[in-house]
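The values are calculated or read from the model by the stated rules, or taken from the named source; none is laboratory data. Not measured: the values here are computed from a predicted model. Counting neighbours? That spans all protein chains shown, and the Cβs are built from the backbone with ideal geometry, glycine included.
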Amino acid sequence: MSRALFISQLRQGLRGLEPDEIDDICADYESHFADAGETGRSETEIAAALGNPAQLAREWRAESGLRELAKQAVRLEDLTFYDKNNETLTVACTCLESGNAIWPTIPGDGKLTIDVRYSSEQLANTYDAFFKNLTSFNPKVRVETKGGINKPPFDKENIGNKALYKRAIEVAARLGIELKGEVVMGGSDGNFTSAVGCPTLDGLGMTGDFVHNPKEYINLDCVPPRGAMVAELALRTLEG
C-alpha cells in the first residue's frame, strides 16, 4: 500500500472527528512515512508495519474511559465544602485505574474510587443519590456507580452526645485537664453507636501527633491522667 492510499483510508476512517484533530493524526503518520523512508524502507513496507489504516482509525475514534473518569474526578472533588450552613462535605478521589501502560491504545473501561465524608444524615442521603445517578460528560460513555454509605455520619448535634461531652469536660476539669472536642469527619465504630442512639464520644485516648504515620507517637506522661479521666467518666456514666 502506498503512502497516499494509507493516508486516504485513514482520513476516511476518521470522519466525524474534528478537522484539526484529523489533520494532526494524519500528520503524525506522514512523519512516520518520512522518517522510515530515510532509512531506505519502501512505502509498502512502512504501511505494513504501521498496520491497517481502517483499524487504526477505529482505535482513534474509540471513546476514552480514562478521559471521562478524569473529568469526573475533577467534578466530584470540586463538590467539597466546609462549614456551609453548618454543614461539611469532603470528596476525595483515591484511585483511578484505566488503560494499559504497555499497549498504546485508547483506554476503554476504567474505575474511579472516591472517599466521601458527610456531616449529617440528610447530607449523606442527598449526595449518595447524586453519586448513584452521575451523568457522563461524553454521551457515548456510560457511567455506572457501585457502593454507597458504609458508615453513618456522627451527629454532633445529638442531645445524648452533647450531654456526654458536657460530663466529660466536668470530669476532665477536676483532674486539671482542659478538654476540647471537635468533629473531624473521620470514621470509626463511634459512628455506628451514635447512629443507634447510644451517647458517644470518640478519641479519648492518649495525646500525641502524626496519626496514621510511621512517625506517630503518644506522650507517655499523659497516660495516668487520661486513663483516670476515662475511668471516672465511665463510672459517672454508669451511675447516671
Residue in the stretch 80-92 that is without any contact (Cβ under 8 Å) to a residue 60 or more places away in the chain, of a type in the set (Val, Ile, Thr) and touching a strand residue (DSSP E or B) at 6+ places or on another chain (Cβ under 6 Å) present: yes
Residue pairs meeting the criteria (Cβ under 7 Å; at least 6 apart or on separate chains; first without any contact (Cβ under 8 Å) to a residue 40 or more places away in the chain, in the stretch 196-208; second of a type in the set (Asp, Glu)): GLY208/GLU216
Filter result for the condition that a residue is surrounded by fewer than 16 Cβ atoms within 10 Å (Cβ to Cβ) and in a loop (DSSP other than H, G, I, E, B), over ILE177, ILE149: ILE149
Search result, residues across the stretch 169-191 that are within 36 Å of the chain's Cα centre (by Cα) and farther than 22 Å from GLU87 by Cα: LEU179
Within the stretch 76-106, tally of residues that are surrounded by 12 or more Cβ atoms within 10 Å (Cβ to Cβ), more than 30 Å from GLN55 (Cβ to Cβ) and among the charged types (D, E, K, R): 2
Tally, over the stretch 112-140, of residues that are more than 30 Å from VAL183 (Cα to Cα) and either polar (S, T, N, Q) or exposed (fewer than 12 other Cβ atoms within 10 Å of the Cβ) (or both): 5
Meets criteria (surrounded by fewer than 18 Cβ atoms within 10 Å (Cβ to Cβ), within 18 Å of THR145 (Cβ to Cβ) and at pLDDT below 90) for ASP109: yes
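Conditions (1) out of contact with any Gly (no Cβ under 9 Å at 6 or more places or on another chain); (2) at pLDDT below 90, marked per residue:
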{"residue": "ASP128", "(1), (2)": "no, no"}
{"residue": "GLU144", "(1), (2)": "yes, no"}
{"residue": "GLY160", "(1), (2)": "no, no"}
{"residue": "ALA173", "(1), (2)": "yes, no"}
{"residue": "GLY181", "(1), (2)": "no, yes"}
{"residue": "LEU204", "(1), (2)": "yes, yes"}
{"residue": "ASN213", "(1), (2)": "yes, yes"}
Pick from the stretch 183-201, criterion in contact with a Gly (Cβ under 9 Å, 6 or more places away or on another chain) and part of a loop (DSSP other than H, G, I, E, B), ranking: surrounded by the fewest Cβ atoms within 10 Å (Cβ to Cβ): GLY197
